[in-house]
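Shown next, in structure tokens, is the structure this report addresses.
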Amino acid sequence: MGQAIGQVLSLGVGVALSPIPIIGVILMLGTPRARSNAPAFLAGWIGGLAVAGTIVLLISGAANTSDGGQPADWLNILRLVLGLVLLRVALRRYRARPRPGEEPELPHWMKSIDRFTGWRAAAFGVTLSALNPKNLIFTIAAASAIAQTEVAAGKQAIALAVFVALGTLGTATPVAFYFASQERSRKALEELKDWMVRNNATIIAVICLLVGAKLIGDAISGF
């Protein structure tokens, strides 16, 4: 099981450090419905990651991810493709970073976040975790890596749970901070949000570069 968990650590951290969901949940914490919408968002986020990971895990398990103890060729090809996609995303995001004095662009849905209901907050949690292209790539890579270890189904489920837990840390931490000390957290969360808004493109570029390079390296060593 240790091997399966080891495969997903960096990928889980990559999901956790996604700036847009963290910015979104911090904005949600500044709305009148924060105490209901933030937990709903987290529930959607966790559910989205868990369902997407489970689907990929089941498909990968049925597709023979291992060949004589080594990753199957199709899995190495998948890792190579995912790694190259992430490198392309890293380059595009780095080029798209705002210049000094330029205001970064944020998704339009953030302007209406104060009108979110609990169900809509949960739906956005699912969208940003499971349907976000970057996170979906990370989830596919994590679940296929778990399946490749060929450990028992229960241990694979534990490894996937570790991935989901790690991937939730980024969005769960502001929520926990808010509920622990609403007044003290306000300024700190606002400063974190402003920093992430300014550095959103750079953060994504660095994460995608590191994880993309890891996937390409794993693919090359597996051939």
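The values are calculated or read from the model by the stated rules, or taken from the named source; none is laboratory data. All values derive from a computational prediction rather than experimental measurement. Because the Cβ atoms are built from the backbone with ideal geometry, glycine has one as well, and the counts that use them run over all protein chains shown.
Can you tell me which condition Arg88 does not meet? The list is (1) within 21 Å of Val13 (Cα to Cα); (2) surrounded by 14 or more Cβ atoms within 10 Å (Cβ to Cβ); (3) basic (Lys, Arg), and all the others hold.
(2)
Say whether the condition of being over 14 Å from Gly48 (Cβ atoms), outside any helix (DSSP H, G or I), out of contact with any helix residue (DSSP H, G or I) (no Cβ under 9 Å at 6 or more places or on another chain) and charged (D, E, K, R) is met by at least one residue in the stretch 143-152.
Checked against the condition, which is being over 14 Å from Gly48 (Cβ atoms), outside any helix (DSSP H, G or I), out of contact with any helix residue (DSSP H, G or I) (no Cβ under 9 Å at 6 or more places or on another chain) and charged (D, E, K, R), the stretch 143-152 yields no hits at all.
Please name all residue pairs, on different chains or six or more residues apart, with Cβ atoms under 6 Å, provided the first residue is in the stretch 37-53 and is surrounded by fewer than 24 Cβ atoms within 10 Å (Cβ to Cβ) and the second residue is modelled with pLDDT of 95 or more and of a type in the set (S, T, N, Q).
Sorted first by the residue in the stretch 37-53, then by its partner, the pairs are Ile46/Thr168.
Could you give me the residue pairs with C-beta distances under 6 Å whose first residue belongs to the stretch 60-77 and is surrounded by 13 or more Cβ atoms within 10 Å (Cβ to Cβ) and among the hydrophobic types (A, V, I, L, M, F, W, C), whose second residue is assigned to a loop (DSSP other than H, G, I, E, B) and at pLDDT below 70 wherever it lies, and which are 6+ apart or on separate chains?
That search, which allows pairs on different chains as well, returns Ala72/Asn64; Ala72/Thr65; Leu75/Thr65.
Check Arg33 against each of (1) within 30 Å of Arg184 (Cα to Cα); (2) within 22 Å of the chain's Cα centre (by Cα) and name the one condition it does not meet.
So the condition that Arg33 fails would be (2).
If I filter the stretch 146-162 for residues that are closer than 14 Å to Val8 by Cα, in contact with a strand residue (DSSP E or B) (Cβ under 9 Å, 6 or more places away or on another chain) and of a type in the set (Ser, Thr, Tyr), do I get at least one hit?
There is at least one residue in the stretch 146-162 that is closer than 14 Å to Val8 by Cα, in contact with a strand residue (DSSP E or B) (Cβ under 9 Å, 6 or more places away or on another chain) and of a type in the set (Ser, Thr, Tyr).
Working carefully through the options Val211, Val175, find the one that is within 27 Å of Ala90 (Cα to Cα), at pLDDT 90 or above and of a type in the set (A, V, I, L, M).
Values: Val175 fails: within 27 Å of Ala90 (Cα to Cα).
Val211 is the lone residue from the list that is within 27 Å of Ala90 (Cα to Cα), at pLDDT 90 or above and of a type in the set (A, V, I, L, M).
Quick one: which of Ala142, Ala180 is closer than 30 Å to Ile26 by Cβ and free of Cβ contacts under 8 Å to residues at least 40 places away in the same chain?
Details: Ala142 fails: free of Cβ contacts under 8 Å to residues at least 40 places away in the same chain.
Testing whether each residue is closer than 30 Å to Ile26 by Cβ and free of Cβ contacts under 8 Å to residues at least 40 places away in the same chain leaves just Ala180.
Please work out if Ala201 is over 17 Å from Gly12 (Cβ atoms) and in contact with a helix residue (DSSP H, G or I) (Cβ under 6 Å, 6 or more places away or on another chain). Step through it out loud before you land on a result.
Details: over 17 Å from Gly12 (Cβ atoms): yes; in contact with a helix residue (DSSP H, G or I) (Cβ under 6 Å, 6 or more places away or on another chain): yes.
Yes.
Give me the residue from the stretch 135-160 that is of a type in the set (Ser, Thr, Tyr) and modelled with pLDDT of 85 or more and, out of that set, surrounded by the fewest Cβ atoms within 10 Å (Cβ to Cβ).
So in the stretch 135-160, the residues of a type in the set (Ser, Thr, Tyr) come out as 139, 144, 149.
If we keep only those that are modelled with pLDDT of 85 or more as well, we get 139, 144.
On the way: Thr139: 31, Ser144: 24.
The selected residue is Ser144.
Within the stretch 189-223, can you find the residues that are small (Gly, Ala, Ser) and surrounded by fewer than 16 Cβ atoms within 10 Å (Cβ to Cβ)?
Initial filter on the stretch 189-223 (small (Gly, Ala, Ser)): 201, 205, 212-213, 217, 219, 221-222.
Correct list: Ala213, Gly217, Ser221.
Sort through Leu106, Leu192 and tell me the only one that's under 19 Å from Leu42 (Cα atoms) and within 20 Å of the chain's Cα centre (by Cα).
Values: Leu106 fails: under 19 Å from Leu42 (Cα atoms).
That would be Leu192, the only listed residue that is under 19 Å from Leu42 (Cα atoms) and within 20 Å of the chain's Cα centre (by Cα).
If the requirement is being over 17 Å from the mean Cα position of the chain (by Cα), in a helix (DSSP H, G or I) and surrounded by 13 or more Cβ atoms within 10 Å (Cβ to Cβ), which of these qualifies: Phe163, Phe177, Phe124? Show your work before the answer.
Working: Phe163 fails: over 17 Å from the mean Cα position of the chain (by Cα); Phe124 fails: over 17 Å from the mean Cα position of the chain (by Cα).
It is Phe177.
Which residue pairs have Cβ atoms closer than 8 Å, lie 6 or more positions apart in sequence or on different chains, and pair a first residue in the stretch 80-108 that is more than 14 Å from Val211 (Cβ to Cβ) with a second residue that is part of a helix (DSSP H, G or I) and basic (Lys, Arg)?
Pairs that qualify, where the first residue is more than 14 Å from Val211 (Cβ to Cβ) and the partner is part of a helix (DSSP H, G or I) and basic (Lys, Arg), are Pro98/Arg198; Pro104/Arg198.
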